[in-house]
Structure formats: structure tokens, C-alpha cells
Amino acid sequence: MIGRIKTQSQIIGSRIKTARINNGMSQADLATKANISLPHISDIELGKNNMMLATFVRIAEALQVSTDSLLRPDVPEVRRLYENELSDVFKDCSSAQMDSIMKIVRELKQTMTQIEEY
């Protein structure tokens, strides 16, 4: 089976959904915080329509994430931010804590991959 190619709106929508889930927010929570209707949030996450820049900024602010992380998470500068943040997390951890954190991160990554493929 040939995989379908995602549109840019679907890719960004998926990143928004992932950020929302990572923040422990429901679609309703995000809709309220960003002052956007719940059906519109759903459509954005599914990539059904293009959003206005003002809407995108409100979503990023509500999620408390950088717009770069939603638009282009693979650019070196954004990746370095994440790497530095992860390094800060490990700075004062014991070996056992680092092992546990890494196990959780791997499991979370696997779950997120499954969600994105859904």
C-alpha cells in the first residue's frame, strides 16, 4: 500500500495536536485558551483547512510553544533548543533517574508516532 502524502496543513495540524497532547490539553481546552471554536481546532488539527496567521499565533501562545517548533521542528536551531533543554533535565540526575527518564521518553515517542500515523 502506498502511503498518502500529507499536505502542509496536515503536517502542521499534526504538530499542533502533538503539542496539545504533550501539554495535557483537550481540544476544548485549546479552543478556550486560543479563543477559537472547537470545530475549528478539530479542522486545524486534521489539516482540513489553512489557518490565518493570527489564529496560528494564538494557538502557539495557548500551547506555550514556539511557532518554529510547529512550523519547522527539524531546523538546527530548534533542535538545539530541545537538546539543550533535555541536557538541563539530565544535569543533576542520577544514573537510575536518567535510565527511567529515557525509558519514558522512548515509550512516549512510540505512542506519539502511533498517534501521528493514525
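The values are calculated or read from the model by the stated rules, or taken from the named source; none is laboratory data. Every value quoted in this text rests on a predicted model; they were computed, and no experiment measured them. When we count neighbours, we look across all protein chains shown, and the Cβ atoms used for this are built from the backbone with ideal geometry, even at glycine.
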Residues that are free of Cβ contacts under 8 Å to residues at least 40 places away in the same chain, more than 28 Å from residue 104 (Cα to Cα), part of a helix (DSSP H, G or I) and not hydroxyl-bearing (Ser, Thr, Tyr): does region 6-24 have at least one?
yes
Give me the pairs: first residue in region 96-110 and under 20 Å from residue 24 (Cα atoms), second residue assigned to a helix (DSSP H, G or I), beta-carbon distance under 8 Å, and six or more apart or on different chains, which are they?
101/89; 101/90
If I ask for residues that are exposed (fewer than 14 other Cβ atoms within 10 Å of the Cβ) and either assigned by TED's automatic domain parsing to the domain that holds residue 99 or in a helix (DSSP H, G or I) (or both), which ones from region 48-66 would you list?
53, 54, 57, 61
What residue, of 46, 30, 38, is more than 11 Å from the chain's Cα centre (by Cα) and closer than 14 Å to residue 115 by Cβ?
46
How about region 67-84: which of its residues are outside any helix (DSSP H, G or I) and either in contact (Cβ under 8 Å) with a residue 40 or more places away in the chain or closer than 16 Å to residue 18 by Cα (or both)?
72, 73, 74
Please verify whether region 38-46 includes one or more residues that are touching a helix residue (DSSP H, G or I) at 6+ places or on another chain (Cβ under 7 Å), under 24 Å from residue 5 (Cβ atoms), small (Gly, Ala, Ser) and assigned to a loop (DSSP other than H, G, I, E, B).
no
Within region 4-49, work out how many residues are touching a Gly at 6+ places or on another chain (Cβ under 9 Å), modelled with pLDDT of 95 or more and of a type in the set (Val, Ile, Thr).
1
Any chance residue 87 is among the small types (Gly, Ala, Ser), within 14 Å of residue 16 (Cβ to Cβ) and part of a helix (DSSP H, G or I):
no
Would you confirm whether any residue within region 91-101 is more than 18 Å from the chain's Cα centre (by Cα), in a helix (DSSP H, G or I) and among the acidic types (Asp, Glu)?
yes
